[in-house]
1. By per-residue mean of other Cβ atoms within 10 Å, what is the highest-first order of 51-64, 32-45?
2. Lys/Arg Cβ at +1, Asp/Glu Cβ at -1, dipole of the chain taken about the Cα centre: which of S32, F48, L76 is farthest positive-ward?
3. Carbon and sulfur atoms: what percent of the 1.4 Å accessible area of the chain do they account for?
4. Whole number please: convex hull volume per residue of the Cα set in the chain, in Å³?
5. Mind checking the per residue accessible area of the chain for me, 1.4 Å probe, whole number of Å²?
6. Hey, can you list the DSSP H helices of the chain whose Cα span along the axis is 20 Å or longer and whose average Kyte-Doolittle score is at least 1.0?
7. Which far-off residues, 5 or more places away or on another chain, put their amide H under 5 Å from the one on K66, with H placed in the peptide plane?
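The values are calculated or read from the model by the stated rules, or taken from the named source; none is laboratory data. These figures come from a predicted structure and were not determined experimentally. When we count neighbours, we look across all protein chains shown, and the Cβ atoms used for this are built from the backbone with ideal geometry, even at glycine. To get the accessible areas, we keep the full protein, side chains included, count just its heavy atoms, and leave off ligands, DNA and RNA. Shrake-Rupley method; radii C 1.70, N 1.55, O 1.52, S 1.80 Å.
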Amino acid sequence: MDNLIQQDLVSSVQKVFTILQALGERNESGLSELSKRLKMSKASTYRFLQTMKSIGFVDQKGDADKYVLTLKLFEL
């Protein structure tokens, strides 16, 4: 794997954990709030959240644009 691809992968992992940490600091957060706090684009933040949601680590609270951590983290 070349160096550029490895840097991208590490960067993505860092972003995932940054999002998890930000969600852990507050009970729930909206997309706009998270992207501003983390200085990430809304589109990138949304893609990360949807990926984490699809594997069960993040959930959306009701119909609102609020994201929360799930208990799946404790299964690790």
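1. 32-45, 51-64
2. S32
3. 55
4. Residue-normalised Cα hull volume stands at 101 Å³.
5. 71
6. What comes out of the filter, once short or polar helices are dropped, is none.
7. Excluding prolines and chain starts, which carry no amide H, the hits are K61.
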